[in-house]
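What follows is calculated from the coordinates using simple rules that are stated; it is not laboratory data. Because the structure is predicted, anything quoted here is derived from the model rather than measured. Cβ: placed from backbone, ideal geometry, glycine included. Neighbour counts: every protein chain shown.
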Amino acid sequence: MWVHENQRVFGDRMINEADKTVLLDLLMDQAERKFETTKEQIFENDRIIFSDFGTTMDGDNRPYQYLPDL
């Protein structure tokens, strides 16, 4: 989720694909060092979907959960 959010915040402001590639390389370097994960692990799914509608809890404290399938 960290990589995705950074791509949305910073990557959407890049003006060309070369800049987006540089950003992704920087994000992957940090993800590997800080989160001890690989690019393959991060992008193993086409989509990563989290939702809070999968629970029956009422109120404002509904946790977001990973949805493995639409």
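Table for the structure above
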read-out	value
Relative contact order (percent, whole number), region 2-67, Cα cutoff 8 Å, 6+ residue spacing	21 percent
Net charge of neighbours whose Cβ lies under 15 Å from the Cβ of LYS39, counting Lys and Arg as +1 and Asp and Glu as -1	-4
Potential lengthening between ASP29 and ASN61 on full extension [0.36 nm per residue; Cα-Cα distance subtracted]	8.1 nm
Sparse-neighbourhood loop sites, chymotrypsin sites (Phe, Trp or Tyr not before Pro) in the chain - DSSP loop, at most 10 other Cβ within 10 angstrom	PHE53
Simple label model, 7 Å out from Cα along Cβ direction - PHE53 to GLU40, nm	3.5 nm
The chain: proportion of alpha-carbon pairs further apart than 21 angstrom, %	41 percent
Qualifying trypsin sites (Lys or Arg not before Pro) in the chain, DSSP loop, other Cβ atoms within 10 Å at most 10	ARG47
Per DSSP, loop GluC sites (Glu not before Pro) in region 1-50 with at most 13 further Cβ within 10 Å	GLU36, GLU44
